[in-house]
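Below is one structure, written out as structure tokens, with a few remarks after it.
What follows is calculated from the coordinates using simple rules that are stated; it is not laboratory data. Bear in mind that the values here come from a model prediction, so they are computed numbers and not experimental data. So basically every Cβ, Gly included, is an ideal-geometry build from the backbone, and we count neighbours across all protein chains shown.
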Amino acid sequence: TINISGFTHHLPSRDLPIGPAKLAVRPTRLILNAKNGMEMTVKKATYVGSRMEYTLQAEFGELFAVSENVDKPLNIEKKIIVGLDPIGPVLLAND
């Protein structure tokens, strides 16, 4: 189980010890406007034809996210909840 700013998510440990670690997540595996997740602020929104690309600001840093919902883009400075797709996030050693 990982804990990011109070949001918990279950992942395989990959034989890593308990303690700080890094999390790798593809931009398409972030769930925007999720029911459960981490609060973030939309800092940048770019339309690139078939998708939207977002820069999101969280208390721990910036994230890059992609959404295929081009009909209702997120507004700049909007606070949203961002969750993790059940498939895709990977725990890495904190080297």
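Once the C-beta distance of ALA21 and ASP85 is scaled by a Förster radius of 22 Å, the resulting FRET efficiency is 0.75 to the nearest 0.05. Extending 7 Å from the Cα toward the beta-carbon at both LYS35 and ARG51 defines two label points whose distance is 2.5 nm. When you work out D = kT/(6 pi eta Rh) for the range 1-89 at 25 °C and 0.890 mPa s, using the Kirkwood radius from C-alpha pairs as Rh and the Stokes-Einstein form, the result is 178 µm²/s.
Structure remark: mean-square fluctuation, Gaussian network model of the chain, C-alpha springs under 10 Å; the largest value among ALA34, ALA58, ALA24 belongs to ALA24. Dipole magnitude for the range 2-93: about 60 debye, using +1 per Lys or Arg Cβ and -1 per Asp or Glu Cβ, origin at the Cα centre. Normalised by the number of residues in the chain, the mean separation of alpha-carbon contacts (under 8 Å, six or more apart) gives a relative contact order of 38 percent.
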